[in-house]
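Q: Could you have a look at this structure, given as structure tokens, before my questions?
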Amino acid sequence: MNIKEIIRDVPDFPVKGIIFKDITTLLKNGEAFEFTLNELYNLCKNKGITKVVGIESRGFIFGGALAGKLGVGFVPIRKPGKLPYKKLSETYDLEYGTDKIEIHEDALDSTDKVLLHDDLLATGGTMKAACNLVEKLGATVEQISFVVELSFLNGREKLKTYDVRSLIQYD
Ligand code: AMP
């Protein structure tokens, strides 16, 4: 199955000049959803993963499904102000300004081998900040997976010490 053909390009969203990769067209297609989930699962199934960490919000969809398939727990990394309990924060640079993500301080420990998941790798800033949060809790980043990689933005460079996988790439 060619999931590249199923993902929709939306030009000039959310701002002019960005081609937004809209995965909702993939999510609503049952066969494509199952295929994508199985492909992601095949990448991580024999790695001794103990937790899947997903990044708000589209990382929750396949991240949650993968946790269920692996039979391990799911941990959300969220935008500021959303998590109710004690948390750690990480600030990272955007093209203009900064952004912040958070994780509960008791979400992981030093025994955890983590699969980090998000829908899309662009510049890699968000995922690098997520790796920092996981490591601050003493856990190990075992694998990082994405459905889509915008290779031309070179996000892998920021993540070069990790095992980074993506199902489809745009050069
Ligand atoms: P980055 O930190 O630059 O790697 O950005 C990654 C985050 O931004 C992911 O959570 C993506 O969902 C979102 N994102 C960035 N660029 C796009 C794009 N062209 N299409 C869809 N989502 C994007």
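Q: Dipole size in debye (nearest 20) for region 32-101 around its Cα centre, Lys and Arg Cβ +1, Asp and Glu Cβ -1?
A: 400
Q: Using the Cα centre of region 1-68 as origin and beta-carbon charges of +1 (Lys, Arg) and -1 (Asp, Glu), tell me which of 40, 14, 24 is placed farthest towards the positive end of the dipole.
A: 40
Q: Here is a follow-up. For residue 4, go through the lysines and keep the ones whose alpha-carbon is under 17 Å away, minus same-chain ones fewer than eight residues off.
A: In chain and number order, the partners are 21, 28.
Q: Under the Karplus relation 6.51 cos²θ - 1.76 cosθ + 1.60, θ = phi - 60°, what is the ordered set of whole-Hz ³J(HN,Hα) values for region 108-114, x standing for Gly and Pro?
A: Working through the residues one at a time gives 9, 9, 5, 8, 7, 10, 9 Hz.
Q: Quick one: if you stick a label point 7 Å off each Cα along the C-beta vector at residue 10 and residue 46, how many nm between them?
A: Result: 3.9 nm between the two label points.
Q: Right, here's the next one. How far apart, in nm, are two points set 7 Å out from the Cα along the Cα-to-Cβ line at residue 160 and at residue 95?
A: So the label points at residue 160 and residue 95 sit 2.4 nm apart.
Q: Let me ask something else. Among the trypsin sites (Lys or Arg not before Pro) within region 13-100, which fall in a DSSP loop and have no more than 14 other Cβ atoms within 10 Å of their own Cβ?
A: Filter output for region 13-100: 16, 28, 45, 47, 82, 86.
Q: State the Cα centre-to-centre distance between region 1-17 and region 33-56 in whole Å.
A: 23
Q: Might you report the magnitude of the Cβ-based charge dipole of the chain about its Cα centre, with Lys and Arg at +1 and Asp and Glu at -1, to the nearest 20 debye?
A: That gives a dipole near 240 debye.
Q: Continuing with the same structure: Quickly estimate the mean residue ellipticity at 222 nm for the chain, helices only: each DSSP H run with n ≥ 4 gives -39500 (n - 2.57), and the total goes over all residues, rounded to 500.
A: Value at 222 nm, helices only: -7500 deg cm²/dmol.
Q: Still on this structure, please answer the following. Could you work out Rg/(2.2 N^0.38 Å) for the chain, with Rg from alpha carbons only?
A: Normalised Cα radius of gyration, the chain: 0.99.
Q: For region 42-54, just list the computed ³J(HN,Hα) in residue order, Karplus coefficients 6.51, -1.76 and 1.60, θ = phi - 60°, integers in Hz, with x standing in for Gly and Pro.
A: Computed from phi, the couplings for region 42-54 are 4, 6, 10, 5, 10, 9, x, 4, 10, 8, 9, 10, x Hz.
Bear in mind that the values in this text are calculations on the coordinates, not laboratory data. Just so we're clear, the structure is a prediction, and the values are computed from it rather than from any experiment. Cβ atoms come from the backbone with ideal geometry, glycine included; neighbour counts cover every protein chain shown.
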